[in-house]
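Asks: Here's a structure for you.
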Amino acid sequence: MDVPELSPKAAEIAACAQALLATKGYNGFSYADISEAVHISKASIHHHFPSKSELVQTVLRRYRKQGRVGLAALTKQVPDPLARIHAYTGYWETCIRDGSAPFCICAMLGSELPAIPQEVADEVRGHFFDLTGWLADVLKEGAARGIFKLRSDAESEAMALMATVHGGMLAARVYGDADAFATVVQQGVKQLLAPAAQH
């Protein structure tokens, strides 16, 4: 997957677009919003990104790359599978609490799939496949070590956990309460634990 190198101005535009995607979704922002935030003309934005779909595709490719790098680092740095899951959910809890990334942009765009361009939708699906694969590997490892008791295959459990994390983001947004995320996610993780691993 090609992740383009961006000039400083193009990177600033992409970062602004990413923030707008997290709060407004694909159809909720325009180049006018970016123009106002980044203090650049719409024509200049078009120079860097001729179309909105191209801009969002670039944002998603960078986002997916950052995600894969982050998950690979967790795998390397956190040997215990349960601690790895907690580190992953803890990352999102911190982002929600400090407002730095209150919602996964791919979860946001996932709800818009029927109404977004195909090339953008493909990147969104790719993100979910990346994340499901990583979570399934962690759950398999944990099950082999007696930490998790899976009720079905690891891929299905991974999808369920991913849905729980994204549902927690939604709950935090709906209730305006970061604690709602932690409450939802803790319940989801607890259901995965083998009896011997429940404390």
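The values are calculated or read from the model by the stated rules, or taken from the named source; none is laboratory data. Fair warning: this is a prediction, and the values are worked out from it, not measured in the lab. So basically every Cβ, Gly included, is an ideal-geometry build from the backbone, and we count neighbours across all protein chains shown.
Asks: So S100 clears everything in (1) at pLDDT 95 or above; (2) polar (S, T, N, Q); (3) not in a helix (DSSP H, G or I) except one condition, right? Which one?
Replies: Status for S100: all satisfied but (1).
Asks: Considering every residue within the range 160-168, establish whether at least one is within 18 Å of Q66 (Cα to Cα) and either in contact with a Ser or Thr (Cβ under 9 Å, 6 or more places away or on another chain) or free of Cβ contacts under 8 Å to residues at least 40 places away in the same chain (or both).
Replies: Looking for residues that are within 18 Å of Q66 (Cα to Cα) and either in contact with a Ser or Thr (Cβ under 9 Å, 6 or more places away or on another chain) or free of Cβ contacts under 8 Å to residues at least 40 places away in the same chain (or both), one finds at least one in the range 160-168, hence yes.
Rundown of residues vs (1) of a type outside the set (A, V, I, L, M, F, W, C); (2) free of Cβ contacts under 8 Å to residues at least 60 places away in the same chain; (3) closer than 22 Å to L170 by Cα, yes/no style:
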| site | (1), (2), (3) |
| --- | --- |
| L55 | no, yes, no |
| E93 | yes, no, yes |
| L113 | no, yes, yes |
| H127 | yes, no, yes |
| D130 | yes, no, yes |
| K140 | yes, yes, no |
| S156 | yes, yes, yes |
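Asks: Something else: Checking the conditions here, which among V165, V174, V185 is aliphatic (A, V, I, L, M), more than 17 Å from the chain's Cα centre (by Cα) and outside any loop (DSSP other than H, G, I, E, B)? Reasoning before the result, please.
Replies: Values: V165 fails: more than 17 Å from the chain's Cα centre (by Cα); V185 fails: more than 17 Å from the chain's Cα centre (by Cα).
Testing whether each residue is aliphatic (A, V, I, L, M), more than 17 Å from the chain's Cα centre (by Cα) and outside any loop (DSSP other than H, G, I, E, B) leaves just V174.
Asks: Do you know which of the residues in the range 163-199 that are closer than 24 Å to G25 by Cβ and hydroxyl-bearing (S, T, Y) is surrounded by the most Cβ atoms within 10 Å (Cβ to Cβ)?
Replies: The residue in question is T164.
Asks: Does the range 110-117 include one or more residues that are closer than 21 Å to L74 by Cβ and of a type outside the set (S, T, N, Q)? Explain how you work it out, then say what you get.
Replies: Here is the first cut: in the range 110-117, the ones closer than 21 Å to L74 by Cβ are none.
No - not one qualifying residue is present in the range 110-117.
Asks: Check A143, A136 and return the single one that is more than 29 Å from R62 (Cα to Cα), assigned to a helix (DSSP H, G or I), of a type outside the set (V, I, T) and out of contact with any Cys (no Cβ under 9 Å at 6 or more places or on another chain).
Replies: Going through A143, A136 in turn, the sole match is A143.
Asks: Would a scan of the range 72-92 turn up a residue that is in contact with a Phe, Trp or Tyr (Cβ under 6 Å, 6 or more places away or on another chain) and either surrounded by 13 or more Cβ atoms within 10 Å (Cβ to Cβ) or not charged (D, E, K, R) (or both)?
Replies: Checked the range 72-92: no residue is in contact with a Phe, Trp or Tyr (Cβ under 6 Å, 6 or more places away or on another chain) and either surrounded by 13 or more Cβ atoms within 10 Å (Cβ to Cβ) or not charged (D, E, K, R) (or both).
Asks: Just to verify a result, which residue in the range 1-58, among those that are part of a loop (DSSP other than H, G, I, E, B) and within 18 Å of the chain's Cα centre (by Cα), is surrounded by the fewest Cβ atoms within 10 Å (Cβ to Cβ)?
Replies: M1
Asks: Name the residue that is farthest from P195 (Cα to Cα), counting only residues in the range 150-162 that are over 19 Å from the mean Cα position of the chain (by Cα) and surrounded by fewer than 16 Cβ atoms within 10 Å (Cβ to Cβ). Can you show your working first?
Replies: Taking the range 150-162 as the starting set, the residues that turn out to be over 19 Å from the mean Cα position of the chain (by Cα) are 150-154.
When the remaining residues are screened for being surrounded by fewer than 16 Cβ atoms within 10 Å (Cβ to Cβ), the result is 151-153.
Details: R151: 13, S152: 16, D153: 18 Å.
Applying the filter and picking the extreme gives D153.
Asks: Considering only residues that are touching a helix residue (DSSP H, G or I) at 6+ places or on another chain (Cβ under 6 Å), without any contact (Cβ under 8 Å) to a residue 40 or more places away in the chain and in a helix (DSSP H, G or I), which ones fall in the range 69-91?
Replies: Within the range 69-91, L74, A87 qualify.
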